Amino acid sequence: MKKFSLLLCAFTAFALVLAGCGDKGGGASPAASPSSSGASQSDDTSKKLTLTMMVSTAAGGGWTDDHPMVKYLNDKFNIDLKFQWVPGDSYNEKLNVLAASNNFPDLFQIWDASTYSKWMQKGVFLDLQPLLADYPNLVGNVTEEAMTMMNPKGKVFGLPMYAPAFRSNLSIRQDWLDKLGLKTPGTVDEFYEVAKAFATKDPDGNGRPDTIGFSMSVSNSGDILGIDYLKGAFGLANRWKDDNGTLVAMQTQAEEWKALATYLRQAYSEGVLDKDFPVNKERDPWNKLEGNTNGIAEVNPNEVYKQSVPTLQKLAPEADIVQLDPPAGPTGLRFANTITSTTKIVLNAKLDEEKQKRILQVIDFMFSDEGYIWSKNGIEGIHYTKNGDTYEKLDAFDNDRPQILSTWFIRRFDPGIQIRLWDDKTYVDKVLAWFEKTEPYAWTNPAAGLISETFSKSGIQLDQKFSAAIVKVITGSAPVESIDDAVKAWRDGGGDKIIEETNALYAELK
């Protein structure tokens, strides 16, 4: 698998281009991309257009109408851009309200794969395929696999929203290994012994039994999170696996689940696995790593050196977090948490031709070298300054948060999406190395984005019941053999129908 290597090479070349960037917004030279301005030669911007864009927001909310980044886009493309900033926890509710009135914005996101499929079939989204050839920056910076995923053959109703495949990487406390005289674990058995030592041999040196070996959580939708490296090691699929062209659901892998549950059951009974895992929130294992109580956790490389290590070192000044390769399972399998983004960016099918082209101009700009620098770093002279070959972040960057559009909405396909112009090269190299080192352990889901009708109706409830049965085995309140009953209940309750329907959808893609 060479996708990351190609992206890394592209990033390296891109970094070299930055040294010569001196135009407004830190743009690259025109030769650096097919169209550095992001505009097709045939597009006319003489007429001012009002465009609406709806974005799902996180902490801090969106920009005001007079924000420098909004003004920049308005001036550059002769538009009056009206953002609709919707908090993430109410975004889907807002979409349903708009659907009821059939009054969608010009450009918006669809987070839910089943909603995307349903509304695509109803003609809500514009087919972009006939237009894409005029926007080479967009096409050239999105993988073909991502562009075609969840779209019918020959059509593109939704553009992919990039997410790093290896956003969650396995990490370990190197200082705890050193203090206890332990070697980096390479197998699941060695992993267990290290985690047990972390839980029982006082690695923080405070004389109290307050540390844990590793942790995990259970989501509201029935996913067991934070231990993908163990799921893969014991042979479980990343939800689905392709067995000679036929999709097999992970819920039917009884023997693999028994092997994993037996391992976790022992870890739980011996205090190696976090006793609070059934009630943990998704980030709690990571929070406990930063809180000096957990020795092993999945972390985001973009946040390790800027947040996790500094936070941890306030409690333990000598602490060090390093990357850990996924441990090899009983048969040698090694896999890492691997994400396939199914979020789509769509255009309203009702748009006239002028608006279609203007919106695609804006998107194409953001995928160009010039626009990529702008979207991640803000505006030169306002959010950062350039001094020779170096860059300095200004206070306005933190106040204005000019990067949020690239964080929440439109992202170029590059694992360095959160790296800024002023970041130290040593830091940049360390972050990108985490992504590169994890690439050989990709744990792909061949059915990503395929949502069957039955799953849309009852899949989450089935998964919740299945995970609850697994949790009972891990905590010792049910025998390991009860997993056979859990598999049967999942299949009889609708799982077999989900398998049938998902395989039918899978066959349509071939």
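The values are calculated or read from the model by the stated rules, or taken from the named source; none is laboratory data. Bear in mind the structure is a predicted one, so any value in this text is a computation, not a measurement. For neighbour counting, all protein chains shown are included, and Cβ atoms are generated from backbone atoms with ideal geometry for every residue, glycine included. To get the accessible areas, we keep the full protein, side chains included, count just its heavy atoms, and leave off ligands, DNA and RNA. Shrake-Rupley method; radii C 1.70, N 1.55, O 1.52, S 1.80 Å.
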Exercise. Would you be able to tell me the number of residues in the stretch 167-202 that are out of contact with any Pro (no Cβ under 7 Å at 6 or more places or on another chain) and modelled with pLDDT under 95?
Key: 2
Exercise. Evaluate the stretch 225-234: report whether one residue or more is outside any loop (DSSP other than H, G, I, E, B), open to solvent by 20 Å² or more (accessible area, probe 1.4 Å) and touching a Lys or Arg at 6+ places or on another chain (Cβ under 9 Å).
Key: no
Practice problem: Might you let me know whether the stretch 141-157 holds any residue that is surrounded by 21 or more Cβ atoms within 10 Å (Cβ to Cβ), touching a residue at least 60 places away in the same chain (Cβ under 8 Å) and outside any loop (DSSP other than H, G, I, E, B)? | Solution: no
Self-check item: Wholly within the stretch 350-433, helices (runs of 4 or more DSSP H) carrying at least 1 residues that are surrounded by fewer than 17 Cβ atoms within 10 Å (Cβ to Cβ)
Solution: 353-367, 395-400, 404-408
Quiz item: Any idea which residue in the stretch 311-336 is least open to solvent (accessible area, probe 1.4 Å), counting only those that are without any contact (Cβ under 8 Å) to a residue 60 or more places away in the chain and closer than 26 Å to Lys275 by Cβ?
Solution: Leu312
Quiz item: Would you say Thr342 is within 22 Å of Thr407 (Cα to Cα) and either in a loop (DSSP other than H, G, I, E, B) or touching a residue at least 24 places away in the same chain (Cβ under 8 Å) (or both)?
Solution: yes
Quiz item: So, of the residues in the stretch 257-310 that are in a loop (DSSP other than H, G, I, E, B) and open to solvent by 30 Å² or more (accessible area, probe 1.4 Å), which turns out to be farthest from Gly186 (Cα to Cα)?
Solution: Lys281
Practice problem: Report yes if some residue within the stretch 424-434 is under 27 Å from Val322 (Cα atoms) and in contact with an Asp or Glu (Cβ under 9 Å, 6 or more places away or on another chain); otherwise report no. | Solution: yes
Self-check item: Neighbours by Cβ (under 6 Å, 6+ apart or cross-chain): first from the stretch 105-125, of a type in the set (Gly, Ala, Ser); second at pLDDT 90 or above and outside any helix (DSSP H, G or I)
Solution: Gly123/Ala349
Quiz item: Does the stretch 116-131 hold any residues that are assigned to a helix (DSSP H, G or I) and either acidic (Asp, Glu) or buried (at least 17 other Cβ atoms within 10 Å of the Cβ) (or both), and which are they?
Solution: Tyr116, Ser117, Trp119, Met120
Practice problem: Residue by residue through the stretch 238-290, note down the ones that are polar (S, T, N, Q) and at positive phi. | Solution: Asn244
Self-check item: Residues of the stretch 459-475 satisfying the condition of being charged (D, E, K, R) and surrounded by 17 or more Cβ atoms within 10 Å (Cβ to Cβ)
Solution: Asp463, Lys472
Quiz item: Which residue pairs have Cβ atoms under 6 Å apart, sit 6 or more places apart or on different chains, and have a first residue in the stretch 431-443 that is at negative phi and among the hydroxyl-bearing types (Ser, Thr, Tyr) and a second that is at pLDDT 90 or above and surrounded by fewer than 19 Cβ atoms within 10 Å (Cβ to Cβ)?
Solution: Tyr441/Arg334
Practice problem: Would you point out the residue of the stretch 235-256, among those that are out of contact with any Asp or Glu (no Cβ under 7 Å at 6 or more places or on another chain) and part of a helix (DSSP H, G or I), that is surrounded by the most Cβ atoms within 10 Å (Cβ to Cβ)? | Solution: Gln251
Quiz item: Inside the stretch 1-115, counting only helices (runs of 4 or more DSSP H) that do not spill past its ends, which hold 3 or more residues that are open to solvent by 80 Å² or more (accessible area, probe 1.4 Å) and at pLDDT 80 or above?
Solution: 91-101
Practice problem: Only residues that are buried (at least 20 other Cβ atoms within 10 Å of the Cβ) and within 17 Å of Asn294 (Cα to Cα): list them for the stretch 176-202, please. | Solution: Trp176, Leu177, Pro185, Phe191, Tyr192, Val194, Ala195, Ala197, Phe198, Ala199
Quiz item: So which residues in the stretch 64-81 are of a type in the set (Phe, Trp, Tyr) and farther than 18 Å from Glu380 by Cβ, if there are any at all?
Solution: Phe77
Quiz item: Which residues, taken from the stretch 203-222, are in a loop (DSSP other than H, G, I, E, B) and in contact with a Ser or Thr (Cβ under 7 Å, 6 or more places away or on another chain)?
Solution: Pro203, Asp204, Asp210, Thr211, Gly222
Quiz item: Given the structure, is Ala478 surrounded by 16 or more Cβ atoms within 10 Å (Cβ to Cβ) and outside any helix (DSSP H, G or I)?
Solution: yes
